[in-house]
Amino acid sequence: MPRNKLKIAVAVSLLATPLLSACGGSSAAADEKAVTVYSADGLKGENNDGWYDKVFADFTQQTGIKVKYVEGGSGEVVQRALREKSNPQADVLVTLPPFVQQADSKGLLQKYEPEGSARVGAADKAADGTWTSVVNNYFGFVYDKKELKQAPTTWEELLDGTYKNRLQYSTPGVAGDGTAVLIKAIHDFGGEKQALDYLGRLQANNVGPSASTGKLAPKVDKGELLVANGDVQMNYAQSKTMPNLGIWFPAAEGGKPTTFALPYAAGLLTGAPHTENGRKLLDFMLAQKQQEEVSSIGGGFSARTDVKATDANAAALTKLMDGVDVFTPDWHDIDKNLTSYVAAWKSATGS
């Protein structure tokens, strides 16, 4: 599930779709029985067994509408949609905060409140109805359970020489989870200056930049890395085939482990070539049955507050989150200042 390379698939066959491989053109509008989705990765399974795989296949079976799927980094899919703004090629955009707010502020999203969105919490959707979370998720880190007897507990532990060249996190401003590292550090250390001072020191152990968060977990599982960043939904799903992967949440020294919601937020693109099909897909993703499958199939958390999953994955995820403080970032402030935050991070780390 790499976050740096666009991957394209038709949902039913999940075969490569060369028509969408190039920017521009009018391929998206060529088939009225189609809907094109630009999405951050994490919800499509490596073996066609993810939540997207099931949802898209069921949607096509019930409606006859094929789903054309383009995958990339959270910021990358927004940038692609922005480049195509004058000639939109996609209908639905799914990305993580703060990139969904960025897409909204640049006029990429039109107002549409899908059926079921009334059951989504106010913090997990736009007040003006331009986007709605379809899968809830939380930021986290992973560690190698084989190499480390127990998970680290604090940020400060990662400064130890044990982690030199065996720690890596994805790039803020490019990857959603990489941006989350910066957001969490600012919160945990009590300010931007303190966070950047820490990340500057951590750079001595960091392998280097990575545009892909999804590529880091396999490295941890194989023992190439001891620690990397990620998110709960993606890493929990990966742990089914990566037995050495453990999930943990750093705390500031003397504090409690913290995290914040990092939902997959979906919106209808302005000028979408298949607007009605996009609306139907958004409705379908938020329907009761599909939301009940978020945990059992996708290893994530339902976006609807009225869906109370009881499957084994849901129980394990609830246990994983026990004792972790969940804070709410000021996404509008982050959207407004993201460029300067990333520039300051680059200066502090020499990246």
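The values are calculated or read from the model by the stated rules, or taken from the named source; none is laboratory data. Please read all numbers here as calculations on a predicted model, not as lab measurements. As a convention, Cβ positions derive from the backbone with ideal geometry for all residues, glycine included, and neighbour counts pool all protein chains shown.
Inside region 212-231, can you point out the residues that are crowded, with 21+ Cβ neighbours inside 10 Å and in a loop (DSSP other than H, G, I, E, B)?
Thr213, Gly214, Leu225, Leu226
Tell me yes or no: at least one residue of region 129-143 is farther than 29 Å from Pro209 by Cβ and touching an Asp or Glu at 6+ places or on another chain (Cβ under 6 Å).
Checked against the condition, which is being farther than 29 Å from Pro209 by Cβ and touching an Asp or Glu at 6+ places or on another chain (Cβ under 6 Å), region 129-143 yields at least one hit.
Say we look at region 240-258 and pick out the residues that are in a loop (DSSP other than H, G, I, E, B) and within 20 Å of the chain's Cα centre (by Cα); which of these is nearest to Lys222 (Cα to Cα)?
First pass over region 240-258, keeping only residues in a loop (DSSP other than H, G, I, E, B): 240-244, 249-250, 252-257.
After this cut, where a residue has to be within 20 Å of the chain's Cα centre (by Cα) as well, the list is 240-242, 249-250.
Working: Lys240: 14, Thr241: 12, Met242: 8, Phe249: 21, Pro250: 22 Å.
Checked region 240-258; the qualifying residue nearest to Lys222 (Cα to Cα) is Met242.
Considering every residue within region 173-191, establish whether at least one is in a loop (DSSP other than H, G, I, E, B), polar (S, T, N, Q) and touching a residue at least 60 places away in the same chain (Cβ under 8 Å).
Applying the first criterion (in a loop (DSSP other than H, G, I, E, B)) to region 173-191 yields 173-175, 190-191.
From what's left, polar (S, T, N, Q): none.
Looking through region 173-191, none of the residues is in a loop (DSSP other than H, G, I, E, B), polar (S, T, N, Q) and touching a residue at least 60 places away in the same chain (Cβ under 8 Å).
Within region 203-243, track down each residue that is among the small types (Gly, Ala, Ser) and closer than 25 Å to Tyr264 by Cα.
The first filter runs over region 203-243 and keeps only residues among the small types (Gly, Ala, Ser), leaving 204, 208, 210-212, 214, 217, 223, 228, 230, 237, 239.
Within region 203-243, Ser210, Ala211, Ser212, Gly214, Ala217, Ala228, Gly230, Ala237, Ser239 meet the criteria.
Under 7 Å between Cβ atoms, at least 6 apart or on separate chains: pull out the pairs that start in region 224-244 with a residue that is over 15 Å from Ser170 (Cβ atoms) and end on any residue that is polar (S, T, N, Q) and buried (at least 23 other Cβ atoms within 10 Å of the Cβ).
Listed pairs, sorted by first residue: Val232/Asn137; Gln233/Asn137.
Could you figure out which of (1) under 23 Å from the mean Cα position of the chain (by Cα); (2) over 30 Å from Tyr52 (Cβ atoms); (3) surrounded by fewer than 16 Cβ atoms within 10 Å (Cβ to Cβ) isn't true of Trp155?
Failing condition for Trp155: (3).
Is it the case that some residue within region 327-336 is part of a helix (DSSP H, G or I), of a type in the set (Lys, Arg) and more than 23 Å from Lys44 (Cα to Cα)?
Pass one, region 327-336, residues part of a helix (DSSP H, G or I): 331-336.
Checking which are of a type in the set (Lys, Arg) leaves us with 336.
Next cut, more than 23 Å from Lys44 (Cα to Cα) only: 336.
Yes, that holds for at least one residue.
When both residues are 6+ apart or on different chains and their Cβ atoms are under 9 Å apart, which pairs have a first residue that lies in region 193-206 and is among the small types (Gly, Ala, Ser), and a second that is not in a helix (DSSP H, G or I)?
Gly200/Gly350; Ala204/Lys164
Among the residues of region 69-100, write down those that are among the charged types (D, E, K, R) and part of a helix (DSSP H, G or I).
Step one: list which residues in region 69-100 are among the charged types (D, E, K, R), which gives 71, 76, 80, 83-85, 91.
Listed by number, the residues that qualify are Glu76, Arg80, Arg83.
Going through Ala343, Ala266 one at a time, which residue ends up being of a type in the set (A, V, I, L, M, F, W, C) and either assigned by TED's automatic domain parsing to the domain that holds Gln194 or surrounded by fewer than 18 Cβ atoms within 10 Å (Cβ to Cβ) (or both)? Steps first, please.
Values: Ala266 fails: either assigned by TED's automatic domain parsing to the domain that holds Gln194 or surrounded by fewer than 18 Cβ atoms within 10 Å (Cβ to Cβ) (or both).
Result of the check over Ala343, Ala266: Ala343.
For Ala9, only one of the following conditions fails: (1) of a type outside the set (Asp, Glu); (2) at pLDDT below 85; (3) part of a loop (DSSP other than H, G, I, E, B); (4) within 23 Å of the chain's Cα centre (by Cα). What is its number?
Among (1) of a type outside the set (Asp, Glu); (2) at pLDDT below 85; (3) part of a loop (DSSP other than H, G, I, E, B); (4) within 23 Å of the chain's Cα centre (by Cα), the lone unmet condition for Ala9 is (3).
If you check Lys106, Lys85, Lys68, which single one turns out to be assigned by TED's automatic domain parsing to the domain that holds Ser295 and surrounded by 23 or more Cβ atoms within 10 Å (Cβ to Cβ)?
Numbers: Lys106 fails: surrounded by 23 or more Cβ atoms within 10 Å (Cβ to Cβ); Lys85 fails: surrounded by 23 or more Cβ atoms within 10 Å (Cβ to Cβ).
Result of the check over Lys106, Lys85, Lys68: Lys68.
Condition test on Pro273, is it at pLDDT 95 or above, surrounded by 22 or more Cβ atoms within 10 Å (Cβ to Cβ) and not assigned by TED's automatic domain parsing to the domain that holds Gly121? Let's see the steps before the verdict.
Numbers: at pLDDT 95 or above: yes; surrounded by 22 or more Cβ atoms within 10 Å (Cβ to Cβ): yes; not assigned by TED's automatic domain parsing to the domain that holds Gly121: no.
In short, no.
Between residues in region 307-324 that are under 17 Å from Gly121 (Cβ atoms) and residues that are among the acidic types (Asp, Glu) and surrounded by 12 or more Cβ atoms within 10 Å (Cβ to Cβ), which pairs lie under 6 Å by C-beta distance while being six or more apart or on different chains?
Matching pairs, first to second residue: Val307/Glu292.
If you take the residues in region 101-136 that are part of a strand (DSSP E or B) and under 19 Å from the mean Cα position of the chain (by Cα), which one is farthest from Ala261 (Cα to Cα)?
Of everything passing the filter in region 101-136, Leu109 is farthest from Ala261 (Cα to Cα).
Filter region 267-311 down to the residues that are closer than 30 Å to Ile247 by Cβ and among the small types (Gly, Ala, Ser) and list them by number.
Of everything in region 267-311, those that are closer than 30 Å to Ile247 by Cβ and among the small types (Gly, Ala, Ser) turn out to be Gly267, Ala287, Ser295, Ser296, Gly298, Gly299, Gly300, Ser302, Ala303, Ala309.
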